[in-house]
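Before any comments, here is the structure.
The values are calculated or read from the model by the stated rules, or taken from the named source; none is laboratory data. Fair warning: this is a prediction, and the values are worked out from it, not measured in the lab. Here the Cβ positions follow ideal geometry from the backbone for every residue, glycine too, while neighbour counts run over all protein chains shown.
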Amino acid sequence: MKRGATKEEIIRTTQDLIARNGIRAVRVDEIAQMLGISKRTLYEMFADKNDLIGACLASMARQQRKTLASNRRRCGNSLQKALRLAYTYIDNLYTVDASFLADIRNKVLFAEYYNENRDFWFSELTRDLETCRKEELLLAEIDTAALTQQLLSTLLELRLNHATREELCLLCRTILRGAASKQGIDYLDRNR
């Protein structure tokens, strides 16, 4: 039996399993077996399965923020940045199985992680869309917070209903085009 699996290895292995199968389908026995450790060893590092899942969710959130920070450094106008951010959100929805998204959204125990993640994306995209509005790339009457809320909710629901990534990207672009000023529409049409 392998000794000394690190906390990071356990988190990474669990993260891969929950991303593929959802939270409810993952068993501590399976994780321990995959790592070649005993359940006791696993429980020495994590109080229970929920503690381990919480550590995985926190790790996933850190990875998302790191990816977003590197994407933010790329140049382009504010509309391009907002669209790229929305596409990054969509990509994140597809790094996990739809059952994982349903599990985290519906399980009260993980509501904190779900709400924190939702609030993070809401804040980031609202900020980018507000910049677009100020730069007159979106219509002046657009309520950027309401647009962001509706867009993120719609994208999540479509993902849960097994829409393809391409369908979500097309819908997102279409919605932003519908909210765009003439200048914003021209930009979007030129940069397909």
Quiz item: Somewhere in the stretch 43-51, is a residue out of contact with any helix residue (DSSP H, G or I) (no Cβ under 6 Å at 6 or more places or on another chain) and assigned to a loop (DSSP other than H, G, I, E, B)?
Solution: yes
Quiz item: Taking only pairs six or more apart or across chains, which ones have beta-carbon atoms under 7 Å, a first residue in the stretch 39-52 that is in contact (Cβ under 8 Å) with a residue 24 or more places away in the chain, and a second residue that is assigned to a helix (DSSP H, G or I) and not β-branched (V, I, T)?
Solution: L42/A32; M45/K7; F46/L52; F46/A55; N50/L109
Practice problem: Looking only at the stretch 130-144, decide whether some residue is among the basic types (K, R), within 20 Å of K81 (Cα to Cα), in contact with a helix residue (DSSP H, G or I) (Cβ under 9 Å, 6 or more places away or on another chain) and surrounded by fewer than 13 Cβ atoms within 10 Å (Cβ to Cβ). | Solution: yes
Practice problem: From T148, T174, grab the single residue that is at pLDDT 95 or above, in a helix (DSSP H, G or I), β-branched (V, I, T) and surrounded by 15 or more Cβ atoms within 10 Å (Cβ to Cβ). | Solution: T148
Quiz item: Do we have L155 as surrounded by 12 or more Cβ atoms within 10 Å (Cβ to Cβ), touching a strand residue (DSSP E or B) at 6+ places or on another chain (Cβ under 7 Å), part of a helix (DSSP H, G or I) and not assigned by TED's automatic domain parsing to the domain that holds V26 here?
Solution: no
Quiz prompt | K66 buried (at least 17 other Cβ atoms within 10 Å of the Cβ), of a type in the set (D, E, K, R) and assigned to a helix (DSSP H, G or I) | solution = no
Practice problem: Look at the stretch 22-54 and say how many of its residues are closer than 21 Å to E112 by Cα and either surrounded by fewer than 19 Cβ atoms within 10 Å (Cβ to Cβ) or modelled with pLDDT of 90 or more (or both). | Solution: 12
Practice problem: Search the stretch 9-22 for residues that are without any contact (Cβ under 8 Å) to a residue 24 or more places away in the chain and pair each with any residue that is aliphatic (A, V, I, L, M) and surrounded by 19 or more Cβ atoms within 10 Å (Cβ to Cβ) when their beta-carbon atoms are under 7 Å apart and the residues are at least 6 apart or on different chains. | Solution: T13/I31; T13/L35; L17/V26; L17/I31
Self-check item: Residues satisfying the stated conditions in the stretch 117-160, i.e. among the small types (G, A, S) and more than 27 Å from A102 (Cα to Cα)
Solution: A140
Quiz item: When you look at Q33, is it assigned to a helix (DSSP H, G or I), under 14 Å from the mean Cα position of the chain (by Cα) and on the phi < 0 side of the Ramachandran plot, yes or no?
Solution: no
Self-check item: Some residue of the stretch 79-99 being outside any helix (DSSP H, G or I), under 20 Å from L160 (Cα atoms) and acidic (D, E)
Solution: yes
